[in-house]
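Engineer: Okay, here's the structure, questions in a sec.
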Amino acid sequence: MELQEKISLLRLVYKDLADEKLAEIAELSRVCHYPANHLLCREGAHEDILYIIADGHVSVFQEILDASQEHTLRLGGRGDVIGEMALIQDAPRSASVRTTSPCTTLEMNRKDFEIILTKNPQIAIDLIGVTLDRMRENDRRVIAELQKTNQILRQMDRNKTEFIQITAHELRTPLTVIKGYLDLLQSMLPTIANEEVDCILEGINTGTKRLYETVNMMLDITRIDSGNLKVAFLPVPVKQVLQKTLYSLNSAAAERNIKLSLIYHPNTPNLKADPVLIEKALHHLLINAIKYTPDGGKITLEAKPSTLANGTASVRFSVKDSGIGLDAEHHNLIFEKFYQVSGVANHSSGKTSFKGGGSGLGLAIVRGIAKAHGGKTWVESAGHNEENFSGSIFYLEIPAS
Ligand code: ADP
């Protein structure tokens with residue numbers, strides 16, 4: 001490539017630089033040729049070469065989902081600059097670049113750039129100015145793309161919520177019919193009773209109840225997502241609510257030889273909140289504690305007085321277990337709907353069996369209930385540990401009034 005050719009290519013990139021400055025840069029740059037499908041830059045790598053495409057085409061992409069898929073950020077051709085950060089700092093590549101046709105490039109490495117800087121600081125200042133403008137333009141493009149993606153994701157989330165809502169309503173009607181017939185059949189039992197029929201009916205009853213619970217959880221999450229969760233602010237007898245919730249899970253805990261205990265601090269303030277929702281949130285926390293604690297473990301439900309960050313008096317509920325614990329990276333994510341640490345492999349197991357898995361909605365509902373009351377929920381855990389079972393503490397804090 002002739003010097004003049006290099007200069008006219010550089011002029012496409014650095015429009016505001018004078019010809020003699022472009023000539024100095026051109027002299028320090030070299031021409032290279034690459035076949036199609038050649039990886040020019042690798043995301044995350046520390047490389048200090050700047051490429052200007054003279055001929056041919058490239059694709060700029062990022063790897064997603066453990067490098068199993070590629071997301072194309074843009075396609076580039078003559079006059080495109082790749083790896084500008086390399087001139088200014090030793091930063092890792094933010095994307096990968098591959099040639100999509102045979103390519104000719106003009107290349108400059110950081111050392112050569114530093115030579116320009118020593119010889120002629122004005123060129124370097126101009127070059128940095130132009131490079132920063134181009135990077136700002138790149139940022140604008142990436143931000144616009146992120147905003148678009150965000151919009152699509154929000155719409156998809158709304159679609160998901162609508163789908164859950166429709167499915168839950170569609171399931172509830174036939175479920176009510178089944179439950180009605182089941183009650184009728186059970187009321188006729190004394191006349192047709194025998195042990196086998198009893199057992200079958202009990203099985204249908206348990207299954208129907210479980211389905212009801214799942215459908216109700218689906219409806220709860222759609223109400224939370226659409227801001228339609230109704231909160232009835234009533235005086236809540238905290239101690240009774242704790243006792244009732246614990247009592248309802250006594251037999252599930254006993255089956256797994258898990259000890260349930262209650263600590264109620266007598267100076268806990270009275271709550272003005274929705275007793276049904278508070279009970280529901282505690283129920284989900286306790287069910288989880290049972291599910292993620294091995295047989296023979298210990299769970300403590302506690303309520304004590306506290307104060308929220310804004311100075312409001314509150315009741316701090318906690319559920320402490322001697323279970324498998326949770327690594328810090330999951331502490332916030334588990335409160336998102338459908339987020340599960342170990343995937344859906346265990347979905348068919350019982351509701352309170354060890355590591356049984358569930359719908360992935362429980363903690364999202366707890367968070368929704370906390371927020372609807374102006375409170376908060378969070379977890380503390382030293383990490384996942386299935387040798388010492390150091391466990392977790394889940395908190396739910398609700399303003400007193
Ligand atoms: P799930 O139906 O899967 O239990 P949740 O929303 O209730 O859904 O919980 C989300 C995830 O948080 C669970 O899949 C589990 O990995 C983790 N988790 C919840 N409670 C505990 C706990 N007490 N100990 C350890 N992990 C927990």
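The values are calculated or read from the model by the stated rules, or taken from the named source; none is laboratory data. Just so we're clear, the structure is a prediction, and the values are computed from it rather than from any experiment. Cβ: placed from backbone, ideal geometry, glycine included. Neighbour counts: every protein chain shown. When the accessible area is computed, the model is the full protein with side chains, heavy atoms only, and any ligands, DNA or RNA have been set aside. Shrake-Rupley method; radii C 1.70, N 1.55, O 1.52, S 1.80 Å.
Engineer: If a residue must be out of contact with any Phe, Trp or Tyr (no Cβ under 7 Å at 6 or more places or on another chain) and open to solvent by less than 40 Å² (accessible area, probe 1.4 Å), how many such residues does region 22-35 contain?
Structural biologist: Of the residues in that region, 5 qualify.
Engineer: Got a sec? Which strands (runs of 3 or more DSSP E) wholly within region 247-354 have at least 2 residues that are within 16 Å of the ligand (Cβ to nearest atom), of a type in the set (D, E, K, R) and surrounded by fewer than 20 Cβ atoms within 10 Å (Cβ to Cβ)?
Structural biologist: Output list reads 298-307.
Engineer: Step by step: first the residues of region 316-363, then only those that are modelled with pLDDT under 90 and among the β-branched types (V, I, T), then the one that is farthest from V379 (Cα to Cα). Which residue is that?
Structural biologist: Going through the qualifying residues, I end up with V344.
Engineer: Residues to consider are A309, A281, A313; find the one that is out of contact with any Ser or Thr (no Cβ under 9 Å at 6 or more places or on another chain) and assigned by TED's automatic domain parsing to the domain that holds K239.
Structural biologist: That would be A309, the only listed residue that is out of contact with any Ser or Thr (no Cβ under 9 Å at 6 or more places or on another chain) and assigned by TED's automatic domain parsing to the domain that holds K239.
Engineer: Next question, about the same structure. So which residues in region 43-80 are in a strand (DSSP E or B), closer than 20 Å to L10 by Cα and open to solvent by 30 Å² or more (accessible area, probe 1.4 Å), if there are any at all?
Structural biologist: Matches in region 43-80: I49, D55, L75.
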